[in-house]
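One structure below.
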Ligand code: NAD
Ligand code: UDX
């Protein structure tokens, strides 16, 4: 079959692959190829066991793979063959040298830019889909312009706003698609080519264009604002616990103000995920770079409150369980950083597990999708850890259970049966405020919610 357009994505991770799956699904006359240096990952994308769990993803991959969607490790040839190239490689926080612990590590990004330059035999549109510091497009342009000949490259910024666990719905019905470009003749022409792709399924008023620096910055700012709301409500949850107020009631009352809105006001054990912390630290680093220490401090506090919330949760477990956890068995229900994903990157459960192990507790971890990743995260940690998928078996014989992830499954467990199988006095630390806390108290548990008075007989 002759395809109308050929599109390549470099980086087959949580974002690159699902975004391309959606393009392939909505544009059957385009050939979409996703490449990665990680052979195992590409093999998994070509198998029945996809490397990413995302509701609805399997079905679309089944429909498109081998038709107009292809996964490959042949990066060089694919660069030659495609004129529209999305780049969605990882941009983690730098762990070494200048800016360590804060700036974005752009080594994968730069390698990709050089690879594109080395293998290009025709002009290309290169689209930043990774989340990047402001002005990265300039660096990309400079690398790409260092080649010889009359091949030209237009660099666009098209940050991705999808969230894990809802990726398919977010990609299919985005609040907006943002495309940043240079305002030159060729920049605008490249931009309109990308607009045409999204226009296949996204209504025109939702496809917004901007200058390239605004587009790059908007992504960091959107994540910083979302994370700020979580830290704001979590900071107030600490006050509620002291003052006998109820964080759910406060969040409802505050969120019903249409100027504020009700989303992202769920108090819990703090935000996790690969994006929020990294992107805020990246923003903080940029503010310092541009000589704005007050602005940097303002945003850094969002991360500090997140760490405080996790430490507070552990301190509460320790204090409620008579100031000793040594030899006690504690079950963590959930390990993923949120529901409907197997991703555990920056999951608060990692930090909480380590703190429990430091107190010499025995930790039993349960999760419907994330046990493989949990075992990798904790592979180097000493202490007693076990992994049990079935929540009833995981909890049996434990002194306490702590809810780490808002999986719907945990709302519907038979807590009477669970209570019977646990050591008494039995404790529940509801790190997500998702269970019927009053009912569990009536069953016999001592229940410790977030941001609400404890329901305890002790
Ligand atoms: P990921 O680690 O899951 O995927 C990145 C992939 O890029 C990996 O498979 C890696 O092997 C591959 N890669 C690295 N260097 C390469 C190279 N030179 N050539 C080919 N492949 C290479 O990361 P992710 O979660 O998909 O995130 C990717 C980007 O998208 C990041 O910048 C992130 O900030 C951004 N983002 C992530 C999310 C999210 O929810 N995870 C949402 C929006 C944006
Ligand atoms: C985030 C952004 O939402 C998304 O737009 C961006 O593209 C990538 O980063 P993601 O990290 O996948 O997405 O998940 P998100 O739904 O934002 O949740 C992040 C963390 O905040 C999770 O740990 C979640 O449990 C926590 N959270 C979220 C809360 O604790 N309370 C809330 O009210 C909302």
Those residues of the stretch 227-266 that are within 19 Å of residue 435 (Cβ to Cβ), in a loop (DSSP other than H, G, I, E, B) and more than 9 Å from ligand 2 (Cβ to nearest atom) come to a total of 1
Only residues that are away from ligand 1 (no atom under 12 Å from the Cβ), touching a helix residue (DSSP H, G or I) at 6+ places or on another chain (Cβ under 7 Å) and on the phi < 0 side of the Ramachandran plot: list them for the stretch 34-62, please. 50, 55, 57, 60, 61
Count of residues meeting criterion [within 11 Å of ligand 2 (Cβ to nearest atom) and part of a loop (DSSP other than H, G, I, E, B)] in the stretch 160-175: 9
Identify the residue in the stretch 309-344 that is over 19 Å from residue 387 (Cβ atoms) and touching a helix residue (DSSP H, G or I) at 6+ places or on another chain (Cβ under 7 Å) and, among all such residues, is farthest from ligand 1 (Cβ to nearest atom). 325
Exactly one of (1) touching a helix residue (DSSP H, G or I) at 6+ places or on another chain (Cβ under 6 Å); (2) buried (at least 23 other Cβ atoms within 10 Å of the Cβ) is unmet by residue 14. Its number? (1)
Please verify whether residue 192 is modelled with pLDDT of 95 or more and loosely packed, with under 15 Cβ neighbours inside 10 Å, treating the condition exactly as stated. yes
Could you please find all residues in the stretch 160-175 being within 18 Å of residue 60 (Cα to Cα) and within 14 Å of ligand 1 (Cβ to nearest atom)? 162, 163, 164, 165, 166, 167, 168, 169, 170, 171, 174
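Any idea which of 362, 389, 442 is more than 26 Å from residue 304 (Cα to Cα), buried (at least 18 other Cβ atoms within 10 Å of the Cβ) and more than 22 Å from the chain's Cα centre (by Cα)?
So the residue among 362, 389, 442 that is more than 26 Å from residue 304 (Cα to Cα), buried (at least 18 other Cβ atoms within 10 Å of the Cβ) and more than 22 Å from the chain's Cα centre (by Cα) is 362.
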Looking only at the stretch 383-403, decide whether some residue is touching a residue at least 40 places away in the same chain (Cβ under 8 Å), within 16 Å of ligand 2 (Cβ to nearest atom), part of a loop (DSSP other than H, G, I, E, B) and within 29 Å of residue 278 (Cα to Cα). no
When every residue in the stretch 267-301 that is surrounded by fewer than 18 Cβ atoms within 10 Å (Cβ to Cβ) and in a loop (DSSP other than H, G, I, E, B) is compared, the one farthest from ligand 1 (Cβ to nearest atom) is 291
Of all the residues that make up the stretch 314-341, how many are touching a residue at least 24 places away in the same chain (Cβ under 8 Å) and either more than 16 Å from ligand 2 (Cβ to nearest atom) or surrounded by fewer than 24 Cβ atoms within 10 Å (Cβ to Cβ) (or both)? 17
Criterion violated by residue 178 - all others in (1) over 25 Å from residue 290 (Cβ atoms); (2) within 16 Å of ligand 1 (Cβ to nearest atom) satisfied: (1)
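Go over the candidates 437, 384 one by one and state the one that is closer than 19 Å to residue 326 by Cα and away from ligand 1 (no atom under 16 Å from the Cβ).
The unique qualifying residue is 384.
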Within the stretch 109-129, count every residue that is assigned to a loop (DSSP other than H, G, I, E, B) and either more than 16 Å from ligand 2 (Cβ to nearest atom) or more than 23 Å from residue 189 (Cβ to Cβ) (or both). 4
Kindly state which helices (runs of 4 or more DSSP H) lie completely within the stretch 1-64 and contain at least 2 residues that are without any contact (Cβ under 8 Å) to a residue 40 or more places away in the chain. 39-45, 57-64
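The values are calculated or read from the model by the stated rules, or taken from the named source; none is laboratory data. Note that the structure is predicted; figures quoted are calculated from it, not measured. Glycine gets a Cβ as well: all are built from the backbone with ideal geometry, and neighbour counts include every protein chain shown.
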